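Asker: Just dropping this structure here.
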Amino acid sequence: MAETLASSRSYYLVFFALLALTFVTIGLTFLHLGRWHTPIALLIAFSKALIVALFFMHLRHGNRLYWLALGSGLLWLGILMTLTLSDFLTRDWLSY
Amino acid sequence: MTTLTTPYRPQAKVTETTAENYLNVAYGVKSWLLTTDHKRIGLLYLMSVTVMFFVGGVAATLIRLNLLTPHGQLVTADTYNKLFSAHGIVMVFFFLVPVVPTVLGNFMLPLMIGARDLAFPRLNLASWYIYLVGAFLMLLVLFSGGVDTGWTFYTPFSSKASHTNVLPAVTAIVIAGFSSIFTGLNFVVTVHRLRAPGLTWFRLPLFVWSLYSTSIIMLLATPVLAMLFVLLAIERLWGVGIFDPALDGDPLLFQHLFWFYSHPAVYIMILPGMGIVSEILPCFSRKNIFGYQFIAFSSISIAVIGFLVWGHHMFVAGESVYAALVFSLLSYLVAVPSAIKVFNWTATLYKGSVSFQTPMLFALGFIGLFTIGGLTGLMLAALGLNIHVHDTYFIVAHFHFIMVGGMVMGYMAGLHYWWPKMTGKMYSEWWARLSALIIFVGFILTFMPQFILGYLGMPRRYHVYPAEFQVLNVLSTAGASILGVGYLLPFAYLIASLFGRTRSGPNPWAATGLEWQTPSPPPPQNFLVTPHVTCGPYEYALSSEGDHASS
Ligand SMILES: [Cu+2]
């Protein structure tokens, strides 16, 4: 697995991108977007996580095993969310 | 250059008297505290988890003594709460979860796959220190007033009501959790990268498969527990609404996240025990294991399905009816791979030439007690019956059958099986068989009455009970004292064996695994020549047909 090490320039770029997105998140709190507020904030958070995973965690250059590790982590997060929500979202269906 | 090949044949002689082994290669406190040898770290873990086992055991003894009489004259209700919390926390997080992976796994995994060490030896040492920090903090918590939430730390009691050391206790558990994450990571990488030449996945010993499955659970579940306790701390310290309904939180969220870790944690505890049994049964029946691939994959499927069933702890907690139905169904599913194992073990014994040395006695005890624990688990997965016995001694008896009857029996089996390899010395077989018998009898007498108590409606976690329950409680306490003797005995004769003269030789059980093809105790580098594997791990009867691994 030949890994090309990213240059320090790209690390600075990633760092400033993350900073910029943080400021966007802060700015967002001053806007009144109603029900779109949370989805947009989550979208920004997601893109930040993606940048961290791809560059800082070297997933962009990593082999398939790295992606398998990431994928299983996400799958398990999905299990946690789905089965927990299977309780929260169905509480009103039947009362006892 | 000769290479060592499996299967082991007596004439392929291992040099008995190697001058250098991992114990005599260096002396002094520093050579132990700074060692990166997985074998020495295994022994360090052995000492530390044994201390924790006796701490948890003392708490259990006090609990049982208090329950001798209906009025609970020994301790106050508050002290009783702290005692069962201490017992649960210490036994689960500081003994049962780490014990087999960190002691036997640490010592045996590299030997069983023909490696020099684990993939990250220094991380391994770091795991031990992290465990120590967690354990010391926990002991500090216990001796400075304790904690009264139970090992489950349910909200809102833990977040709002309890005035005991909740935050220090969860901090200690989070620290110990990191130790188990590192161990899991180390094992996964080791199994992937360091197998000896020729050791394909389906030639791996089943203990390795079970450690691998355990490591996956450790990696995927433990972080959730850590995050949960951070959330608990945030709510307790700053009143942020996470679990408090008055602040738009949900108390059941705590239970969801807690059991997302803690149900799979049951499999962290039991899977290594299952792996040990799968090693011992073929050896003492002189037969290949029946259904190797089924047992291997059932470990993996237990690891995966174990993540889908946690809601069965919340049937009466206010979980939705639909979620309860789903979790009940999924809980039945997890019985399938467990049953596959039990059937395959039984089939392994069939027509074997069975001998009853100590490891085998413990392993057979495991199968019997685990089966009772598993079957009562099926009863509990049924919604209606679960509501009847929820939070009663039936539950207590059920999980002790799995964790003590299953897991601790499995650990004892493994410890007695590999003790000669670890120390080069053989313990007294007579005393060891006696202790196996005492533990089995003491265990049955302790926990069988608790099934009846629970079914009759005695709730758990109370320090008093109605007078009509006294006879069964006295029986249980009597059993516990027998069990206590059973656990103290090995402590005595195993230590005595170290000073005895009975050398075990490299392979006292005439077993086939790679770990037996090197001197006992093993040299620092584990193998004098690189092992080369040519067949499966349990070739006890090479002449017999139906030999899956020869392909
Ligand atoms: Cu469970």
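Asker: Do you know which residues across region B:276-317 are at positive phi and within 14 Å of chain A (Cβ to nearest Cβ)?
Answerer: Within region B:276-317, no residue meets the criteria.
Asker: Could you tell me which numbered condition B:VAL174 fails, if it satisfies all but one of (1) at pLDDT below 95; (2) surrounded by fewer than 24 Cβ atoms within 10 Å (Cβ to Cβ)?
Answerer: Here B:VAL174 clears every test but (1).
Asker: Let me ask something else. I'd like to know if region A:13-32 contains one or more residues that are open to solvent by 70 Å² or more (accessible area, probe 1.4 Å) and closer than 23 Å to A:GLY71 by Cα.
Answerer: no
Asker: Considering B:GLY275, B:GLY239, which residue is among the small types (Gly, Ala, Ser), touching a Leu at 6+ places or on another chain (Cβ under 8 Å) and at pLDDT below 95?
Answerer: B:GLY239
Asker: Sticking with this structure for a sec: When residues of region B:323-339 are filtered for being more than 19 Å from B:ILE295 (Cα to Cα) and more than 8 Å from chain A (Cβ to nearest Cβ), how many remain?
Answerer: Within region B:323-339, residues that are more than 19 Å from B:ILE295 (Cα to Cα) and more than 8 Å from chain A (Cβ to nearest Cβ) number 6.
Asker: Let me confirm something: among B:LEU139, B:LEU96, B:LEU65, B:LEU104, which residue is in a helix (DSSP H, G or I), open to solvent by 30 Å² or more (accessible area, probe 1.4 Å) and out of contact with any Ser or Thr (no Cβ under 9 Å at 6 or more places or on another chain)?
Answerer: Checking each option against the conditions leaves just B:LEU139.
Asker: Sticking with this one: Identify all residues within region B:382-397 that are surrounded by fewer than 24 Cβ atoms within 10 Å (Cβ to Cβ), in contact with a helix residue (DSSP H, G or I) (Cβ under 9 Å, 6 or more places away or on another chain) and in a helix (DSSP H, G or I); write none if there are none.
Answerer: B:LEU383, B:LEU385, B:ASN386, B:HIS388, B:VAL389, B:ILE395, B:VAL396
Asker: Separate question: Please pick out the residue among B:LEU252, B:LEU271 that is part of a helix (DSSP H, G or I), within 16 Å of the ligand (Cβ to nearest atom) and over 23 Å from B:ILE402 (Cβ atoms).
Answerer: Exactly one residue qualifies, and that residue is B:LEU252.
Asker: May I ask you to verify whether B:TYR267 is under 24 Å from B:ALA323 (Cα atoms) and crowded, with 18+ Cβ neighbours inside 10 Å?
Answerer: Yes.
Asker: Can you tell me which residue among B:LEU308, B:LEU281, B:LEU330 is more than 13 Å from the ligand (Cβ to nearest atom) and buried (at least 18 other Cβ atoms within 10 Å of the Cβ)?
Answerer: B:LEU281
Asker: Which count do you get for residues in region B:212-249 that are within 11 Å of chain A (Cβ to nearest Cβ) and within 15 Å of the ligand (Cβ to nearest atom)?
Answerer: Residues flagged as within 11 Å of chain A (Cβ to nearest Cβ) and within 15 Å of the ligand (Cβ to nearest atom) within region B:212-249 amount to 3.
Here's the yes/no breakdown for (1) farther than 30 Å from A:TRP93 by Cα; (2) within 14 Å of chain A (Cβ to nearest Cβ); (3) touching a Gly at 6+ places or on another chain (Cβ under 8 Å); (4) surrounded by 15 or more Cβ atoms within 10 Å (Cβ to Cβ):
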{"site": "B:VAL321", "(1), (2), (3), (4)": "no, yes, no, yes"}
{"site": "B:LYS341", "(1), (2), (3), (4)": "yes, no, no, yes"}
{"site": "B:TRP345", "(1), (2), (3), (4)": "yes, no, no, yes"}
{"site": "B:PHE356", "(1), (2), (3), (4)": "yes, no, no, no"}
{"site": "B:MET360", "(1), (2), (3), (4)": "yes, no, no, yes"}
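Asker: Scan region B:24-62 for residues that are under 26 Å from B:TYR487 (Cα atoms) and open to solvent by 40 Å² or more (accessible area, probe 1.4 Å) and jot them down.
Answerer: B:MET47, B:VAL51, B:PHE54, B:VAL58, B:THR61, B:LEU62
Asker: Can we say B:LEU257 is more than 16 Å from the ligand (Cβ to nearest atom), in a helix (DSSP H, G or I), under 30 Å from B:PHE153 (Cα atoms) and open to solvent by 10 Å² or more (accessible area, probe 1.4 Å)?
Answerer: Criteria not met by B:LEU257.
Asker: How many residues, within region B:495-536, are part of a strand (DSSP E or B) and touching a helix residue (DSSP H, G or I) at 6+ places or on another chain (Cβ under 7 Å)?
Answerer: 1
Asker: Could you say whether any residue in region B:284-303 is open to solvent by 50 Å² or more (accessible area, probe 1.4 Å), within 22 Å of B:ALA381 (Cβ to Cβ) and within 16 Å of the ligand (Cβ to nearest atom)?
Answerer: Looking for residues that are open to solvent by 50 Å² or more (accessible area, probe 1.4 Å), within 22 Å of B:ALA381 (Cβ to Cβ) and within 16 Å of the ligand (Cβ to nearest atom), one finds none in region B:284-303, hence no.
The values are calculated or read from the model by the stated rules, or taken from the named source; none is laboratory data. Every value quoted in this text rests on a predicted model; they were computed, and no experiment measured them. Neighbour counts run over all protein chains shown; Cβ positions are idealised from the backbone, glycine included. Accessible surface areas use protein heavy atoms only, side chains included; no ligands, DNA or RNA. Shrake-Rupley method; radii C 1.70, N 1.55, O 1.52, S 1.80 Å.
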